[in-house]
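The values are calculated or read from the model by the stated rules, or taken from the named source; none is laboratory data. The model shown is predicted, which means the values in this text are computed figures rather than measured ones. Ideal geometry is used to build each Cβ from the backbone, glycine not excepted, and the neighbour counts take in all protein chains shown.
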2 protein chains.
Amino acid sequence: MDISRYRVDGKKLKLSDLPTDETKKLDRGKIEQETADIGAQLTGLQDRLYAESQQSLLVVLQARDAGGKDGTVKHVFEPVNPQGIIVTSFKVPNEEDLKHDFLWRIHPHTPSAGMIAVFNRSHYEDVLVTRVHKLIDDKTAQQRFEHIRHFEELLISRGTRILKLYLHISPEEQRQRLQARLDDPSKNWKFNPGDLKERALWDDYTAAYEDALSATSTDDAPWYVIPADQKWYRNRVISQLLLETLEDMNPQYPKSEFDLTNVAVGKL
Amino acid sequence: MDISRYRVDGKKLKLSDLPTDETKKLDRGKIEQETADIGAQLTGLQDRLYAESQQSLLVVLQARDAGGKDGTVKHVFEPVNPQGIIVTSFKVPNEEDLKHDFLWRIHPHTPSAGMIAVFNRSHYEDVLVTRVHKLIDDKTAQQRFEHIRHFEELLISRGTRILKLYLHISPEEQRQRLQARLDDPSKNWKFNPGDLKERALWDDYTAAYEDALSATSTDDAPWYVIPADQKWYRNRVISQLLLETLEDMNPQYPKSEFDLTNVAVGKL
């Protein structure tokens, strides 16, 4: 499967031109089996990444409400040893956060060497929700794009690879998922009436996403727009993206720092 | 399988009386299938724990070198959604840590409501390795046992359940595992010549573990001595222990805090 077509290049993005569903001719069972096979490969590569302890991987997940961020974490990253991954869910900044620059609360959660970090929402909220609600003006947004590019360059300079994923769903798919949270009592707790207000601002979010993704998709920290109406297709694409990235990072089991010649473990 | 027999009661523990292998009459394939079945149940319970966001679970893993801590994390906790678990590997305290009480560096890593925290090594190192190497005297060790009991009570008071696991292996099993790190080039990086010095102190560690486990196994924060020579049996026992604990915690999907009557999601 060629997934490079989902990558955002430097040009101005138009989300309505990009697919939210590309599964028409696909066999779901076959795709799910492929995802499982890729998962087994991810387990091995992540073991090497952790052992090598030189490079790290940061995966940024952004989406509209009910876009599938939690499900992506659960299903795509399950094959990974929990010792080698930290998932951070960023909420609304608190009082202390707001006394600092907008990247202050993010920095402590970037991955250390050997680790995979997943951001479930991220520093991009500060150029998305803030912009839609006019908490920042266009000039500030442009400045923040530059701050973000510089911040990500800093992480890259220390051996971090960055993948940024926008889970692209249609308005109808969002409607169905939010409605399901109302209809299924075990999902009621996920429903927030505030989500309906955000949903009404669909076009404003589209514009904010188009701006942000265009301005911050770089060669070293690209954005991908993932067709996400079908969860099994979304999981397949993201799994492959992780696999290709880790293969390219090519982590190696390190050699011992000691001379092990003639060393043996005796009986007690 | 009755696993309550592995629980440490208040009496003075004698490790040499406890089994490191109880697999003689067991069918490995059957046991591994049981572990997988339990894993599927763990996934569901952890989903409820995370959704409920009231209680939390702390799992403390202690063992001698090559005792299987990393393997336990990898194999037992793999069914868990990475968003709901944080694994912390505690190393030798650094200069700043040593300027504080011995629990200062531990406290920030205790689980928040809804989460599972796994400690790969823990605050118990400060009554084990320190004691074997005579960095603390017996009186200090006794005081630390009390500090630990009080600290764990504090965590319990906020809704944390605590399970403490000692992975019990025989000297011969340790020998084979350390030797394998020498013989297999892809495992060389795991071998530390210092492990041989610690191995020579086997009996001192035994005494330190017996003291520490006896003094800190309480009704609310019990220790279990897990037969760990056979990894598949170890995984089976620990999986069941987690299952029984989570079932007893009985987390529930929360009700919505909003009145959802007559709410519907409209088309855009």
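Being surrounded by 14 or more Cβ atoms within 10 Å (Cβ to Cβ) and more than 30 Å from residue A:107 (Cα to Cα) is the filter; apply it to region A:154-172 and report the residue that is farthest from the other protein chains (Cβ to nearest Cβ).
A:170
For region B:94-110, which residues satisfy the criterion of being more than 18 Å from the chain's Cα centre (by Cα) and surrounded by fewer than 17 Cβ atoms within 10 Å (Cβ to Cβ)?
Answer for region B:94-110, where residues must be more than 18 Å from the chain's Cα centre (by Cα) and surrounded by fewer than 17 Cβ atoms within 10 Å (Cβ to Cβ): B:94, B:95, B:96, B:97, B:98, B:99, B:100, B:101, B:104.
Which residues, taken from region A:142-163, are assigned to a helix (DSSP H, G or I), in contact with an Asp or Glu (Cβ under 7 Å, 6 or more places away or on another chain) and touching a residue at least 60 places away in the same chain (Cβ under 8 Å)?
If the condition is that a residue be assigned to a helix (DSSP H, G or I), in contact with an Asp or Glu (Cβ under 7 Å, 6 or more places away or on another chain) and touching a residue at least 60 places away in the same chain (Cβ under 8 Å), then A:156 is the only one that fits.
Suppose we filter A:9, A:21, A:47 for residues that are of a type in the set (D, E, K, R), in contact (Cβ under 8 Å) with a residue 12 or more places away in the chain, in a loop (DSSP other than H, G, I, E, B) and surrounded by 15 or more Cβ atoms within 10 Å (Cβ to Cβ); which single one remains?
After ruling out the rest, the residue left standing is A:21.
Going by the structure shown, is residue B:40 loosely packed, with under 15 Cβ neighbours inside 10 Å, in contact (Cβ under 8 Å) with a residue 24 or more places away in the chain and either in contact with a Cys (Cβ under 7 Å, 6 or more places away or on another chain) or assigned to a helix (DSSP H, G or I) (or both)?
Spelling it out, residue B:40 is indeed loosely packed, with under 15 Cβ neighbours inside 10 Å, in contact (Cβ under 8 Å) with a residue 24 or more places away in the chain and either in contact with a Cys (Cβ under 7 Å, 6 or more places away or on another chain) or assigned to a helix (DSSP H, G or I) (or both).
Here are some conditions: (1) more than 14 Å from every other protein chain (Cβ to nearest Cβ); (2) in contact with a helix residue (DSSP H, G or I) (Cβ under 6 Å, 6 or more places away or on another chain). Residue B:27 meets all but one. Which one does it not meet?
Of the numbered conditions (1) more than 14 Å from every other protein chain (Cβ to nearest Cβ); (2) in contact with a helix residue (DSSP H, G or I) (Cβ under 6 Å, 6 or more places away or on another chain), the odd one out for residue B:27 is (2).
Within region A:75-96, is there a residue that is within 11 Å of chain B (Cβ to nearest Cβ), farther than 25 Å from residue A:146 by Cβ and charged (D, E, K, R)?
yes
Picking from B:113, B:117, which residue would you name as being surrounded by fewer than 16 Cβ atoms within 10 Å (Cβ to Cβ), within 14 Å of chain A (Cβ to nearest Cβ), hydrophobic (A, V, I, L, M, F, W, C) and under 24 Å from residue A:108 (Cβ atoms)?
B:113
Helices (runs of 4 or more DSSP H) wholly in region A:173-268 with at least 3 residues that are over 22 Å from residue A:71 (Cα atoms), at pLDDT 95 or above and more than 14 Å from chain B (Cβ to nearest Cβ) - which ones?
The qualifying helices (runs of 4 or more DSSP H) are A:202-216, A:231-249.
Looking at residue A:101, is it more than 10 Å from every other protein chain (Cβ to nearest Cβ) and in a helix (DSSP H, G or I)?
Against the criterion (more than 10 Å from every other protein chain (Cβ to nearest Cβ) and in a helix (DSSP H, G or I)), residue A:101 does not qualify.
Could you say which residue among B:265, B:225 is touching a helix residue (DSSP H, G or I) at 6+ places or on another chain (Cβ under 6 Å) and over 27 Å from residue B:29 (Cα atoms)?
Going through B:265, B:225 in turn, the sole match is B:265.
Out of (1) touching a strand residue (DSSP E or B) at 6+ places or on another chain (Cβ under 9 Å); (2) over 25 Å from residue A:42 (Cβ atoms), what's the single condition that is false for residue A:104?
(1)
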